[in-house]
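K.L.:
Quick one: the structure is below, questions incoming.
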Amino acid sequence: MKWTADLEHFPYPFKGSTYRYSNNSIPMITPISVEITPDYKNEMLLKRNLLTHHPDRCYQSLPHTKTAQWEIVELVIDHLAAHYPNEFTIEKQNSTWIFSNKLLDEKVEFVFGDLQSLPCEPLAFISHHVQEDLILMMQRDDDLYLDAGQLCFPANWSLAFNIGMKFKNIHHPIPGFKEEGLDDRILQFLLRLEAGNPWERKNWSLMAGDRLDTSLETFDQWGQLRKQVTKENAGKLVHIRVEVQKLFRLSQTNNILFTIHTHLLSLEQLTAIPEWLQQFYDILSKLPPHIVEYKGISLYKNAVLKYLEKQLERVKAT
Amino acid sequence: MNSEALFINGKRKYIFCGDDQGLKLLSSVMEKVIEEGLIHERFLLSDRKMPLLEDFLRSQNMGTFLYLAIPFSELQRFRTAIEDIGYSDEEVQYIGYGEKIISLFCCRCHEINKTKHEQKRLFCQGCGLDLEVSDHYSDLHDAFLGYVAKL
């Protein structure tokens, strides 16, 4: 599937001319956990297909998460109905809720809090209506645990492996993350997150190809494209992948909802804007080797740099 | 999970638990405890009967420190039971001996493979993928993550 990301909705992630790991979270101006973009119908088709055919890969939950899952359903539905009233509505008659998704022409009636009234778990249910991946981090003993999640578009990690894991352990594979003390700083930041004051951040990586579903489980397939990148095809083949990550404290259960909206843009589109081209070239050329390696760029970084240099020459000549 | 026991000072009571071979591994710490006149007890796991040990551990007071020494292959089963009783990582030292077998979670098919600790690569028994052993560990799966070894 070819993703034709439009520049208007693309969350350009860079500031300055260098990039290092940091807690780059900022308070959200419009506190909304999910966003509907023009790709909605395509992405929902892909997501539902993945959830149907790869349930273990795309959905995991531990038994004690049900109350928090209902709280996520309430938060997300309220956001959809408030921010996209023409596309989504909710009628609440005591515990009986009627949710309408007009984009997909679907209406679901259920009893809030009653698991039997839904065809699947509450988190799985609401996941079928939003483009974001939804992760529940439960807070206990001064730590955060990944106790439930729906993940169809991961950036090369496995929900099935990480389920039940503590925050620091989840991030163990990131080189330098622990050594630089970032794991503890970010954990402390998250533990202090307040209800009603959500935060967001952007995370980026490069990928060869244009798949949204870059799971660790399928890396042996999509990773092959990394070997095919040349300075001639990099513009079309290589994509910048940006995750808009949002963090909401759930006020009733005191857990955290972490939503991830993934966007892809080809280098050809990115470099069509001269300021972005120069900034991205500066950042990539100065990226430390351990970040290059972790972001999976090592095999084709030189080809991308040569492509960018050619584009810079083109811009200077015009 | 270590191969050698270390003396931890200042505990209310010390329990040395293991099979014959395991208790030998605890002997130097046991001598130290005896030498200092500290309260201690020895529990021989002659047939490794879990319920007897569980009853014994449940009857102990707060401040008790446990040394458990048994083969690596049995250690995780005992650790789970001891944690379920309520002992934390700070109250127990787990000492293993013999061949150390680890579990490896296949990144592609989620099969849990058993392999020797020293082995760095293996083919998944579930899907045949060539896996590289990583140091990313899951308590829930009691397994390390196996990545694609070669693209």
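K.L.:
How many of the residues making up the stretch B:81-127 are of a type in the set (S, T, Y) and either in contact with a His (Cβ under 6 Å, 6 or more places away or on another chain) or exposed (fewer than 15 other Cβ atoms within 10 Å of the Cβ) (or both)?
P.N.:
1
K.L.:
Something else now. Return only the number of the condition from (1) modelled with pLDDT of 90 or more; (2) in contact with a helix residue (DSSP H, G or I) (Cβ under 7 Å, 6 or more places away or on another chain); (3) not in a helix (DSSP H, G or I) that B:G10 does not satisfy.
P.N.:
(2)
Quick grid of which residues meet (1) of a type in the set (D, E); (2) within 27 Å of B:M30 (Cβ to Cβ):
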| position | (1), (2) |
| --- | --- |
| B:R77 | no, yes |
| B:E83 | yes, yes |
| B:Y97 | no, yes |
| B:D130 | yes, no |
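K.L.:
Only one of A:K310, A:K286, A:K301, A:K306 is crowded, with 17+ Cβ neighbours inside 10 Å and either in contact (Cβ under 8 Å) with a residue 24 or more places away in the chain or under 23 Å from A:E243 (Cβ atoms) (or both); which?
P.N.:
Details: A:K310 fails: crowded, with 17+ Cβ neighbours inside 10 Å; A:K286 fails: crowded, with 17+ Cβ neighbours inside 10 Å; A:K306 fails: crowded, with 17+ Cβ neighbours inside 10 Å.
When all the criteria are applied, what remains is A:K301.
K.L.:
A further question follows. With the checklist (1) more than 13 Å from every other protein chain (Cβ to nearest Cβ); (2) without any contact (Cβ under 8 Å) to a residue 40 or more places away in the chain; (3) surrounded by fewer than 17 Cβ atoms within 10 Å (Cβ to Cβ) in hand, flag the one item A:L237 doesn't pass.
P.N.:
(3)
K.L.:
Can you pull out the residues in the stretch B:57-80 that are closer than 15 Å to B:I8 by Cβ and surrounded by 18 or more Cβ atoms within 10 Å (Cβ to Cβ)?
P.N.:
Across the stretch B:57-80, the qualifying residues are B:T64, B:F65, B:L66, B:Y67, B:L68, B:A69.
For every residue, the table says whether it meets (1) assigned by TED's automatic domain parsing to the domain that holds B:G18; (2) touching a strand residue (DSSP E or B) at 6+ places or on another chain (Cβ under 6 Å); (3) more than 30 Å from B:N61 (Cβ to Cβ).
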{"site": "B:E90", "(1), (2), (3)": "yes, no, no"}
{"site": "B:C109", "(1), (2), (3)": "no, no, yes"}
{"site": "B:N113", "(1), (2), (3)": "no, yes, yes"}
{"site": "B:K120", "(1), (2), (3)": "no, yes, yes"}
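K.L.:
Could you say whether any residue in the stretch B:141-148 is modelled with pLDDT under 95, within 12 Å of another protein chain (Cβ to nearest Cβ), at positive phi and part of a loop (DSSP other than H, G, I, E, B)?
P.N.:
yes
K.L.:
Which of the following residues is in contact with a strand residue (DSSP E or B) (Cβ under 8 Å, 6 or more places away or on another chain), within 14 Å of chain B (Cβ to nearest Cβ) and over 27 Å from A:A68 (Cα atoms): A:L206, A:L159, A:L225, A:L146? Give the steps one after another, and end with the answer.
P.N.:
On the way: A:L206 fails: within 14 Å of chain B (Cβ to nearest Cβ); A:L159 fails: over 27 Å from A:A68 (Cα atoms); A:L146 fails: over 27 Å from A:A68 (Cα atoms).
None of the others qualify; the one that does is A:L225.
K.L.:
On to the next question. Can you find, within the stretch B:118-140, the residue that is nearest to the chain's Cα centre (by Cα) among those that are more than 10 Å from chain A (Cβ to nearest Cβ) and not in a loop (DSSP other than H, G, I, E, B)? It would help to see each step written out before you state the result.
P.N.:
Within the stretch B:118-140, the subset more than 10 Å from chain A (Cβ to nearest Cβ) is B:118-126, B:128, B:131-133.
Applying the additional criterion that residues be not in a loop (DSSP other than H, G, I, E, B) yields B:121-123, B:131-133.
Details: B:R121: 23, B:L122: 24, B:F123: 26, B:L131: 25, B:E132: 24, B:V133: 20 Å.
Checking each candidate, the answer is B:V133.
K.L.:
Could you grab me the full set of residues in the stretch A:124-143 that are more than 14 Å from the chain's Cα centre (by Cα), of a type in the set (A, V, I, L, M, F, W, C) and either under 20 Å from A:E194 (Cα atoms) or at the interface with chain B (Cβ under 10 Å from one of its Cβ atoms) (or both)?
P.N.:
Restricting attention to the stretch A:124-143, the residues satisfying the condition of being more than 14 Å from the chain's Cα centre (by Cα) are A:124-126, A:128-129, A:137-143.
Filter again for of a type in the set (A, V, I, L, M, F, W, C), leaving A:124-126, A:137-138.
Scanning the stretch A:124-143 gives A:M137, A:M138.
K.L.:
Would you check which residues across the stretch A:137-170 are touching a Leu at 6+ places or on another chain (Cβ under 8 Å) and among the charged types (D, E, K, R) and list them?
P.N.:
Residues satisfying the conditions are A:D142, A:D143, A:D147, A:K166, A:K168.
K.L.:
Looking at this structure, is A:T230 polar (S, T, N, Q) and crowded, with 21+ Cβ neighbours inside 10 Å?
P.N.:
Numbers: polar (S, T, N, Q): yes; crowded, with 21+ Cβ neighbours inside 10 Å: no.
Answer is no for this residue.
K.L.:
OK, next. Applying the selection to the stretch B:141-150, what residues are closer than 21 Å to B:L75 by Cα and either more than 17 Å from the chain's Cα centre (by Cα) or not small (G, A, S) (or both)? Walk me through it before giving the result.
P.N.:
As a first pass, look at the stretch B:141-150 and keep what is closer than 21 Å to B:L75 by Cα: B:141-145.
Correct list: B:H141, B:D142, B:F144, B:L145.
K.L.:
Also: Across the stretch A:158-214, what is the total count of residues that are within 30 Å of A:N233 (Cα to Cα) and of a type in the set (V, I, T)? I'd like the intermediate steps shown before the answer.
P.N.:
Keep residues of the stretch A:158-214 that are within 30 Å of A:N233 (Cα to Cα), which gives A:158, A:174-175, A:202-214.
Now drop any that are not of a type in the set (V, I, T), which leaves A:174, A:214.
Count: 2.
K.L.:
Pairs only if they're at least six apart or on different chains, beta carbon under 9 angstrom, first in the stretch A:162-182 and facing chain B (nearest Cβ under 10 Å) and surrounded by fewer than 17 Cβ atoms within 10 Å (Cβ to Cβ), second small (G, A, S) and not in a loop (DSSP other than H, G, I, E, B); list them, first residue then second.
P.N.:
From residues that are facing chain B (nearest Cβ under 10 Å) and surrounded by fewer than 17 Cβ atoms within 10 Å (Cβ to Cβ), the pairs are A:P173/B:S134.
K.L.:
With the requirement that a residue be hydrophobic (A, V, I, L, M, F, W, C) and in a helix (DSSP H, G or I), what does the stretch B:33-70 give you?
P.N.:
Restricting attention to the stretch B:33-70, the residues satisfying the condition of being hydrophobic (A, V, I, L, M, F, W, C) are B:33-34, B:38-39, B:43-45, B:50, B:52-53, B:56-57, B:62, B:65-66, B:68-70.
Passing the criteria: B:V33, B:I34, B:M50, B:L52, B:L53, B:F56, B:L57.
The values are calculated or read from the model by the stated rules, or taken from the named source; none is laboratory data. Model, not experiment: these values are computed from the prediction. Note that we place each Cβ from the backbone using ideal geometry, even for glycine, and neighbour counts take in every protein chain shown.
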